[in-house]
Amino acid sequence: MDAFDELAEPRRLVELAVRAEAAGFDGFFLWDHVAYREPVRALADPWVALAAIAVATERVRIGPMVTPPARRRMHKLARETVTLDCLSGGRVVFGAGLGSDNSGEFSQIGEEADPKARAAALDDGLERLVRYWEGEFEPRPLQEPRIPVWLAARWPNRRPLRRAARWDGVFPIDLPGPDELAEVVAFVEAERGDGETPYDVVVTNPAGTDPAPWVTAGATWCLTGFGNQPRFDEVAEAIEAGG
């Protein structure tokens with residue numbers, strides 16, 4: 001979910017997370033943007049909001065969906081992720097990806113806009129982040145062997161899926177339907193060659209979507225998504241309805 005406009009007020013995000021946990025949801029994830037296209041005007045920082053959510057909740061998984069390491073300094077990101085993992089009692093998932101410059105989020109503020117350069121920065125950044133988690137920095141994350149990493153990808157692009165197969169989960173974006181998800185799952189499983197190690201497949205759909213066909217296709221997480229200007233009441237109603 002994005003922390004935009006009406007939901008740029010962090011207390012509202014905390015209240016929604018508390019409601020989601022009470023309703024039995026398993027996770028509460030926030031988009032990570034520093035700028036966005038019109039008509040969006042106001043944005044909250046997801047990491048500060050997630051820290052508040054960590055304190056106000058006890059069970060739900062939390063994290064960014066997704067952070068582009070290309071615009072982050074890895075030593076700072078390492079401190080933030082570990083601190084949040086400790087604060088939450090080991091509930092953080094690190095969602096990562098290239099990010100998109102469709103809204104000028106990179107180019108308009110002088111960040112690297114070339115996708116190939118961002119992809120190289122993503123690979124290098126994740127390797128360095130894990131080294132920090134594994135002991136170059138103290139404290140280490142509470143989770144063992146480390147904080148899970150989910151990688152965003154767009155089907156049918158194979159390279160992002162190969163990257164995701166090396167980590168702990170895949171978050172395919174803008175899938176047309178469950179049939180395409182089944183293709184994603186088959187591709188990633190073939191790349192991994194390991195049917196034993198737990199691996200997450202994450203999808204997001206509008207409120208009210210039946211998760212059953214997506215679970216049958218291989219989804220382990222079915223997130224409820226909203227537009228880029230969600231209203232508090234809209235999200236609260238979806239939580240009350242169970243997604």
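The values are calculated or read from the model by the stated rules, or taken from the named source; none is laboratory data. Since we're looking at a predicted model, the values are computed, not measured. Glycine also receives a Cβ, built like all others from the backbone with ideal geometry; neighbour counts cover every protein chain displayed. Remember, those area values only see protein heavy atoms, side chains included, never the ligands or the DNA or RNA. Shrake-Rupley method; radii C 1.70, N 1.55, O 1.52, S 1.80 Å.
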List the residues, sorted by chain then number, that are 5 or more residues from A207 or on another chain and whose placed amide H is less than 5 Å from its amide H. G225
Which one, A70, A190, A182, has the greatest fluctuation when you compute a Gaussian network model over the chain with C-alpha springs under 10 angstrom? A190
Kindly provide the pair-distance distribution of segment 73-204 built from C-alpha pairs, with 10 Å bins from 0 and whole-percent values in order of increasing distance. 12, 37, 35, 15, 0
Amide H neighbours of R61 at under 5 Å, excluding residues fewer than 5 places away on the same chain, with H built from the backbone geometry, are G27, F28
Consider just the alpha-carbon atoms of segment 131-243 and return their Rg together with their Dmax, both in angstrom. 16.2, 45
Dipole in debye (nearest 20) - the chain, about Cα centre, beta carbon charges: Lys, Arg +1; Asp, Glu -1: 660
Springs between alpha-carbon pairs under 10 angstrom, Gaussian network model over the chain: which of V55, V188, V66 fluctuates most? V55
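Rounding to the nearest 20 debye, state how big the charge dipole of segment 34-74 is about its Cα centre with +1 on each Lys and Arg Cβ and -1 on each Asp and Glu Cβ.
Numbers: 7 positive and 3 negative charges, 37 e Å.
Dipole size: approximately 180 debye.
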With at most 12 other Cβ atoms within 10 Å, longest stretch of the chain clear of loop GluC sites (Glu not before Pro) (DSSP): 59-195
Across segment 166-181, in residue order, what do the Karplus-derived ³J(HN,Hα) couplings come to in whole Hz, using 6.51 cos²θ - 1.76 cosθ + 1.60 with θ = phi - 60° and x for Gly and Pro? 7, 10, 10, x, 10, 10, x, 9, 6, 6, x, x, x, 4, 5, 4
In segment 3-82, the trypsin sites (Lys or Arg not before Pro) that sit in a DSSP loop and have at most 14 other Cβ atoms within 10 Å of their own Cβ are R37, R41, R59, R73
Please work out how much accessible surface T57 shows to a 1.4 Å probe, ignoring ligands, DNA and RNA, in Å² rounded to 10. 10
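What's the magnitude of the charge dipole for segment 83-211 around its Cα centre, counting Lys and Arg as +1 and Asp and Glu as -1 at the beta-carbon? Answer in Debye, nearest 20. Display every interim value, and only then the final one.
Values: 14 positive and 24 negative charges, 37 e Å.
Dipole about the Cα centre, nearest 20: 180 debye.
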Can you compute 3J(HN,Hα) from phi for each residue in segment 96-107, using the Karplus curve 6.51 cos²θ - 1.76 cosθ + 1.60 with θ = phi - 60°, rounded to whole Hz and x for Gly and Pro? 9, x, 5, x, 10, 9, 4, 9, x, 5, 9, 5
In whole angstrom, how far apart do the alpha carbon centroids of segment 69-110 and segment 191-241 sit? 21
Give a residue-ordered list of calculated ³J(HN,Hα) values for segment 53-58 (Karplus: 6.51 cos²θ - 1.76 cosθ + 1.60, θ = phi - 60°; whole Hz; x for Gly, Pro). 5, 4, 6, 8, 10, 10
Amide H to amide H under 5 Å from D200: which residues, 5+ apart in sequence or cross-chain, H placed 1.01 Å off N in plane? G169, V170
